[in-house]
1. Can you give me the number of residues within the range B:162-203 that are more than 21 Å from B:Glu72 (Cα to Cα) and among the polar types (S, T, N, Q)?
2. Taking the conditions exactly as written (farther than 23 Å from A:Leu282 by Cα and either modelled with pLDDT under 90 or among the basic types (Lys, Arg) (or both)), does A:Arg179 satisfy them or not?
3. Which is under 14 Å from A:Leu72 (Cα atoms) and exposed (fewer than 15 other Cβ atoms within 10 Å of the Cβ), of A:Glu111, A:Glu102?
4. So which of B:Leu171, B:Leu153, B:Leu198 is more than 18 Å from the chain's Cα centre (by Cα), assigned to a helix (DSSP H, G or I) and hydrophobic (A, V, I, L, M, F, W, C)?
5. Just one of (1) within 17 Å of A:Ala269 (Cα to Cα); (2) buried (at least 21 other Cβ atoms within 10 Å of the Cβ) trips up A:Thr472, so point out which.
6. Give the range B:264-284 a look and list any residue that's away from chain A (no Cβ under 11 Å), of a type outside the set (Gly, Ala, Ser) and more than 21 Å from the chain's Cα centre (by Cα), or say none.
7. So, in the range A:41-66, how many residues would count as being crowded, with 24+ Cβ neighbours inside 10 Å and either more than 22 Å from the chain's Cα centre (by Cα) or at the interface with chain B (Cβ under 7 Å from one of its Cβ atoms) (or both)?
Amino acid sequence: MRELRLERTGKRRRRSSKEDGNPLREGLRLERVPDPHVMVVFGATGDLSHRKVFPALAQLWRTNLLPVDWMLVAVGRRPYDDETFRAEVARALEQFSRVPLEADVARQFLERIAYHQGDFADDEVFDRLSVRLDEIDAEHGTRGNRLFYLATHPSAFAQLVGQLGRCGLDHEIHGGGWRRIVIEKPFGRDLDSAKRLNREVGKVFRESQVYRIDHYLGKETVRNLMVFRFGNGIFEPLWNRRYVDHVQITMGESIGVEERGSFYEETGATRDVIQNHLLQLLTLVAMEPPATFEADALRDEKVKVLRAIPEMSRVDLERNVVRGQYGSGWVGAEPVQGYREEVEVDPLSETETFLAARFQIDDWRWSGVPFYLRAGKRLPKRATEIAIQFKAVPHRLFRDAAVDPEPNLLAIRIQPDEGILLRFGSKVPGLGLDIRTVTMDFTYGSAFSVDSPDAYETLLLDAMLGDASLFTREDEVEAAWSIATPIVESWVDAPAPDFPNYPAGTWGPEAADTLIERDGRRWRRI
Amino acid sequence: MDGRTLEAAPALGQTILRWSSRTHTLAGIEAELARIWSEAPLTAQGADGTPERRVAARTSVLNLVVVARQPELAERAAAVIRMLTGRHPSRTLIVSSADPDGPSWVDAHVQAHCVMPRADAVETCAEFIDLVAGGETGRHVAAIVAPLLVHDLPVTLWWPGDPPLGSRQVLDVLDMADRLVVDGASWSGDGIGRLRALVAIVGDQELAGGTLAVSDFAMLRQSRWREAIASCFDRPELQPFLNGLTEVTVRYGAHPGSGPGGTNLIKPLYHVAWLASRLGLTVAAPLQSAAPETGVRTPDEDIGTPMVGQLRAGRRRIAVAVVPTKSSTPAGTTLTVELAARRRGETLEVIVSAEEEAVMVRTRLDGREFPVRRFMAPRRTEVELLAETIESVGRDRVAVAALRAAAELAGPA
């Protein structure tokens, strides 16, 4: 089914080198099953593994997209054994599975999980792991293929990579036995740390073995963005500075920081979502058509966009970036506390929970077209959307109409209620010539009432198959940090912000409205 | 029940009948279809018994036309389509005929089935027309179908059972269709006559610049077999053996008493044809009953005779055998696909076999066994196959090439 979806969305799987010479592979889009392998999850007892990774793997198992000769070794510090850990995963599957698993399927899946306890600083843990993986190869026919998944706190990434290298677990074996590593976001906390981490990873793994995950890229609507742009003839000719007035990308969350206060204190909105999710969306909107749908061709184009965003001076940053932090307020008819009152948050915290920014892309296509990005917590609703605002008609023809037609707008809703909306003017029925704005609304839910796979299902399967198209490359991560880092660094010695500066349940501070209104535009009401 | 139905709000993902009416003319069907949407928003009863407003939207994906020549086929098709729920096409039309020698009449049930995909979404509805045509009317399927299609949407024509491929009746309906869906494994006899007719349709379409795509459930069911066979040659050291193929043998299940021409051969043929088309092999000698001197025989002639033929790659010949084997599986089911190849003095043997709900791949190079690989391959239901077909777009050129090769292997009529 997965490949069917890929075909429907126009994205063909990149063929790995070993498949290139196999003529029987042609046309086998629906059936590709990864090679037998062992997947090793570090941080297996954590929230991400329970909520996302294990349920996604179980769905892949349920749909026969995992090889029969597959094993999962869960590595964590907590004192489980195989049986108690399987029981823990079973509970997670009951709670978080997208589609309930039949008892037999769940049992088969759980039987393939082994638990390996130990501290990541302990060499002996990795020596034992290495031996255990060899034993699994011998017992389960997993053939030396290994997929390492780092679902730990980012501070453990370098240590884990070092340990894998020390034990030789990165070494690919000639004629079989691939080794890949998936690294969760955030990849670094600024440009320097990202470069450092890239260096550490690069000492052990080749870039082709590294899969940096940004789960946003696995979302069906994000993948559809490429199909929408490059699979339809009518939009791309309009997709440039001649017709587009500006672009707005919004990622609103109605929730606060919940249990992640200490994490959020370290990150803030810029590091949490702007540097990765929103800049990824921006690149997908702005990039040139890649020559092929292969991983590097796609990522080359995305990197070009990031590099075309000029570095902002301190004056530019003051003018084009607005940060905010929510105070108490009302969200969804419920009173909620301010950020500084959240658990594990400094009562005098200066961490931003909102960011609005205006970016320019200095290239032939987009010169002069501003891209407005905003993201925040405790906004009125959960909504992620890309809005392409087209220019107004050049000539006011309907002078007798009470109002001018609004410029056309194309809104791509990423979540929730995924779909695409096109706004245009239409004559109101009657003897007069009144113009009313109407919309054509496509929703995924009603056109394809098929459940989309979770982003993690898509991405995990891609990593197992060796397809890096939806993963971020070393230079891409660094290019994104080179945009985000000056923003966060400019705040270090800036005067203390007047936080909190927006009540929970509103669309951010007034300065965010000023940012866009100064250009004679306004944020889209979502 | 006639017209709108007021029922409780459905559970998420559960299909619910929102409209049902009956009519006896095509104009009546069109009027009923219009009524469904002119009376929208349909209302449903809320949990507390009060009417609850639920705006319904018609899905806009495709027209699905099913031509079922027997009532039981129509019932089975209707059951399959109802189980598609989330993948429901926008308009389904099941046409069956009855009493061909009697007076002309039409009896149609018009229904709207709705589903709530998510709590915050509107209900998504699909129209369902179950039409039985009697007398002369039943012979003019195209004339019935044409006015009932939602224009500008693709038309998938599913013809379960034994379609009279090549007949005027089929060709007229195909003129309106973008995809023809059949199940070659369900065709009566050995199925080879219909296979030739199907390939002729594909050829005529191409000559005429048509866009008709063809899907055969029999071929879709073999997808995991193809993956299993292909996976063997992902090994770089084994790939060159594809250029040294010497034998292809497919063993299929047969039942005592089936005799010559009594077992459907479509599935075994498709296996060989797919391999031949992917490897660029041409047919040197079509399949024919094995002569005793070939050495290919079955222990029990009562289950039919083996067929042998030859494929060609340049000057190299590849022996092909399609061998019936007594089995409790449904007749025509593939039991094993066996490949033999030689290269630089080494012999490769690959045996792909079905075992319960899995396909096993056993590989031996000069007697050296590779680890057995197992692929889960649960039998796919018609619901799954139809769902996959509905979601397919465009012509699958690998499938078309395999179809052509299968017809060539079968030889001329």
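The values are calculated or read from the model by the stated rules, or taken from the named source; none is laboratory data. For clarity, every value in this text was computed on a predicted model and none was experimentally measured. Heads up, the Cβs are rebuilt from the backbone with ideal geometry, glycines too, and the neighbour counts pull from every protein chain shown.
1. 1
2. Judged against the criteria, A:Arg179 is a match.
3. Answer to the check: A:Glu111.
4. Of the residues listed, the single one that is more than 18 Å from the chain's Cα centre (by Cα), assigned to a helix (DSSP H, G or I) and hydrophobic (A, V, I, L, M, F, W, C) is B:Leu171.
5. Answer for A:Thr472: the failing condition is (1).
6. B:Thr282, B:Val283
7. Counting residues in the range A:41-66 that are crowded, with 24+ Cβ neighbours inside 10 Å and either more than 22 Å from the chain's Cα centre (by Cα) or at the interface with chain B (Cβ under 7 Å from one of its Cβ atoms) (or both) gives 1.
Residue-wise test of (1) of a type in the set (S, T, N, Q); (2) surrounded by 13 or more Cβ atoms within 10 Å (Cβ to Cβ); (3) closer than 30 Å to B:Asp234 by Cβ; (4) in contact (Cβ under 8 Å) with a residue 60 or more places away in the chain.
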residue	(1), (2), (3), (4)
A:Arg128	no, yes, no, no
A:Ala138	no, no, yes, no
A:Gly141	no, yes, yes, yes
A:Ala151	no, yes, yes, yes
